[in-house]
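First comes the structure, then the notes that go with it.
The values are calculated or read from the model by the stated rules, or taken from the named source; none is laboratory data. Computed from a predicted structure; not experimentally measured. Glycine also receives a Cβ, built like all others from the backbone with ideal geometry; neighbour counts cover every protein chain displayed. Accessible surface is based on the protein model in full, side chains and every heavy atom, while ligands, DNA and RNA are left aside. Shrake-Rupley method; radii C 1.70, N 1.55, O 1.52, S 1.80 Å.
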Amino acid sequence: METIREGKVKIKIPKFKKVSSEAPVFYNPAMKFDRDLSVIILQQFQKEINKEISVADTFGASGIRGIRYFKEVKNVNKVFINDIDETAVKFIKKNVALNNIEAEVSQEEANIFLRKNRGKFDIIDIDPFGTPSPFIDSTLYSAKRDSLLCITATDTSALCGTYRTACIRKYNSVPLKTEYCHENAVRILMAFVAMNGAKYDKYIVPKFSHSTKHYVRLYLKVKKGAKKTDKCIDKNIGFILHCNNCFYRETRAGLSYQHPSECPSCGHKLHVGGPLWVGKVYDPEFVKEIRKSIVSYANQKILKFIEVCSQECEMPATYYDVHRICSDLRISAPKIDKIINSLRELGFRATRTHYSPVGIKTDAPVETIKKVIRKLSNATHS
Ligand code: SAM
Ligand code: ZN
C-alpha cells in the first residue's frame with residue numbers, strides 16, 4: 001500500500017509500478033495541478049451561486065478528487081463518489097474514512113449513476129480514461145439548471161486532429177491539424193457538450209477551460225430554455241477556416257456549410273474545421289474573480305497560469321505560433337513579449353496564451369504580424 005498526501009488530504013492506494021489504467025487503483029501525481037485548479041474553480045463557482053452545494057465525482061478511482069472537494073471547498077454539504085471498479089470503490093470507502101468525511105460512495109457504470117441521480121448535483125465532475133464522449137449525453141440529461149460541469153478529455157490525438165476520423169466518430173466534428181490545435185480541441189469538445197445539451201433544452205455558459213498536450217478540461221455552467229438554447233447554438237457554434245500557406249484564419253458562427261474555398265489573403269486552398277465552439281471559452285468576470293482570490297496563493301505555477309488566462313480570456317479565437325511563422329519566413333524568432341508590445345504600439349490587442357509558450361493571441365491581421373516579426377528579427381541581427 002502507498003500513502004499519498006495532496007492538498008489537505010491523505011489517501012491510501014495499492015502499490016503501483018507506473019501510472020496507467022492497468023494500475024489496481026488509478027492515481028496520477030501529474031494531475032495534482034489539475035486538482036488544485038479544480039478546487040479553486042469550484043470555490044469560485046460556489047461563491048457565485050452563494051449556497052451550499054453537492055458534488056458528484058463520477059469517476060472516483062482513489063476518491064482523491066471528491067475528498068479534496070469536500071475538505072477544501074467551502075460550503076460543500078454533500079459529496080457523491082462513484083466508480084465502476086470494485087477495488088477502486090473499496091479504496092474510496094477506506095479513504096473517505098481515513099479523512100473523516102461523509103460521502104455517498106457507489107459502484108455504478110457512470111451513465112447509470114448520472115441517470116439515476118438526475119437533478120441531484122450542483123457540480124458534476126467527469127474524469128474518465130480517454131474520451132468523455134460516451135458519458136456526455138447522460139451528463140447533460142442529469143445536469144440541473146445553474147449547475148457546473150467539469151469535464152476532462154485525454155484523447156487529445158483525436159481532438160487535436162492527429163486521428164481525424166476518431167474526432168469525427170467521437171465528437172462529430174472535423175478537426176484541423178493546425179498550430180492552434182489545442183485550442184480547437186477545447187472548442188470541439190465544448191460544441192459537442194452544447195449540442196448534447198440542446199436536445200434537453202439546456203445550454204452552456206463557459207466559465208473556464210484549458211488545454212495542455214495531455215488533456216482538455218472544461219468548466220461549463222448549465223442553463224435551461226429552448227429559445228435561449230437556439231440563440232446559444234446560433235451565436236457560438238460554427239467553423240474555422242484556415243490557410244496552411246499563409247496562416248490566415250477566420251471563424252464563422254452558424255451551421256451553414258457554404259464557405260469560400262480560397263484564402264482571401266493568398267488564394268490557396270482554405271481548410272474548414274468544425275462544427276466547433278466559436279464563442280468565448282471563458283467567463284472573463286469569473287476569471288478576474290479567481291485571479292483576485294488567489295493573489296497570495298503559494299503555488300507559483302497556478303498563479304502564472306491564471307495570470308495568462310486572465311490576459312487571454314477576452315481575446316479572439318485561435319493564436320499564432322511565432323516559431324512556425326519564423327521558420328516559414330526563415331528568420332530567427334524575436335522575444336514573444338517584444339512582438340506583443342510592438343503589436344500593441346500599433347493599436348492592436350495582443351497577449352500570450354496558456355496553450356503554448358510560443359503562442360500569441362492578437363486581433364492584428366496575419367500580414368501585420370509577419371511585418372512586426374520581420375522588423376524585430378532584423379533589428380536583433382543587424
Ligand atoms: N478522478 C480520478 C483522479 O483525479 O485521480 C481519476 C479517474 S481515472 C482517470 C478513471 C476512473 O474511471 C477509473 O478508476 C475507472 O475504474 C473508472 N471508470 C472507467 N470506466 C467507467 C465507467 N464506465 N463508469 C464509471 N467509472 C468508470
Ligand atoms: Zn492564405
**Q.** Unique match (being out of contact with any strand residue (DSSP E or B) (no Cβ under 8 Å at 6 or more places or on another chain), charged (D, E, K, R) and within 23 Å of Ile204 (Cα to Cα)) among Glu314, Glu307, Glu345
**A.** Glu314
Q.
Show the residue pairs meeting these rules: Cβ distance below 7 Å; 6+ apart or different chains; first residue within segment 281-310 and closer than 22 Å to Val216 by Cβ; second residue among the small types (Gly, Ala, Ser).
A. Val281/Ser209; Tyr282/Ser209; Val287/Ser310; Arg291/Ser310
Q | Unmet requirement for Asn196, which otherwise passes all of (1) without any contact (Cβ under 8 Å) to a residue 40 or more places away in the chain; (2) open to solvent by 10 Å² or more (accessible area, probe 1.4 Å) | A | (1)
Q | Selection from segment 73-94 of residues that are crowded, with 20+ Cβ neighbours inside 10 Å and within 30 Å of Asn50 (Cβ to Cβ) | A | Val73, Val76, Val79, Phe80, Ile81, Asn82, Ile92
Q: State which residue is most open to solvent (accessible area, probe 1.4 Å) when the search covers only segment 1-30 and only residues that are touching a strand residue (DSSP E or B) at 6+ places or on another chain (Cβ under 6 Å) and of a type in the set (Lys, Arg).
A: Lys15
Q | Count of segment 245-258 residues which are within 11 Å of ligand 2 (Cβ to nearest atom), of a type outside the set (Lys, Arg) and in contact with a Ser or Thr (Cβ under 8 Å, 6 or more places away or on another chain) | A | 2
Q. Which condition number does Thr318 fail, the rest of (1) farther than 22 Å from Leu220 by Cβ; (2) within 16 Å of ligand 2 (Cβ to nearest atom); (3) among the hydroxyl-bearing types (Ser, Thr, Tyr) being met?
A. (1)
Q) Within segment 311-321, is there a residue that is part of a helix (DSSP H, G or I) and under 29 Å from the mean Cα position of the chain (by Cα)? A) yes
Q: Could you tell me whether any residue of segment 136-146 is touching a residue at least 60 places away in the same chain (Cβ under 8 Å), within 16 Å of ligand 1 (Cβ to nearest atom), open to solvent by 40 Å² or more (accessible area, probe 1.4 Å) and assigned to a loop (DSSP other than H, G, I, E, B)?
A: no
**Q.** Matching residues, segment 259-301, being away from ligand 2 (no atom under 16 Å from the Cβ), at pLDDT below 95 and either open to solvent by less than 30 Å² (accessible area, probe 1.4 Å) or in a loop (DSSP other than H, G, I, E, B) (or both)
**A.** Ile294, Val295, Ser296, Tyr297, Ala298, Asn299
Q. Could you give every pair whose Cβ atoms fall below 6 Å, whose first residue belongs to segment 205-220 and is closer than 13 Å to Ser356 by Cα, and whose second residue is charged (D, E, K, R), counting only separations of at least 6 or pairs across chains?
A. His210/Arg217
Q. Taking segment 33-84 only, how many residues are within 19 Å of Leu98 (Cβ to Cβ) and among the acidic types (Asp, Glu)?
A. 3
(Q) Taking the condition of being part of a helix (DSSP H, G or I) and among the hydroxyl-bearing types (Ser, Thr, Tyr), how many residues in segment 120-134 meet it? (A) 1
(Q) I'm checking my understanding of the structure. Among residues of segment 199-221 that are in contact with a strand residue (DSSP E or B) (Cβ under 7 Å, 6 or more places away or on another chain) and hydroxyl-bearing (Ser, Thr, Tyr), which one is most open to solvent (accessible area, probe 1.4 Å)? (A) Tyr203
Q: Kindly check whether there is at least one residue in segment 84-95 that is modelled with pLDDT of 95 or more, out of contact with any strand residue (DSSP E or B) (no Cβ under 7 Å at 6 or more places or on another chain) and of a type in the set (Gly, Ala, Ser).
A: yes
Q: Kindly list the number of the only condition in (1) of a type outside the set (A, V, I, L, M); (2) within 15 Å of ligand 1 (Cβ to nearest atom); (3) not in a loop (DSSP other than H, G, I, E, B) that fails for Lys47.
A: (2)
Q: Provide a single number: the residues in segment 157-176 that are open to solvent by 20 Å² or more (accessible area, probe 1.4 Å) and in contact (Cβ under 8 Å) with a residue 24 or more places away in the chain.
A: 3
**Q.** Criterion (open to solvent by less than 10 Å² (accessible area, probe 1.4 Å), in the same structural domain as Arg118 (by TED's automatic domain parsing), acidic (Asp, Glu) and on the phi < 0 side of the Ramachandran plot) met by exactly one of Glu179, Glu183
**A.** Glu183
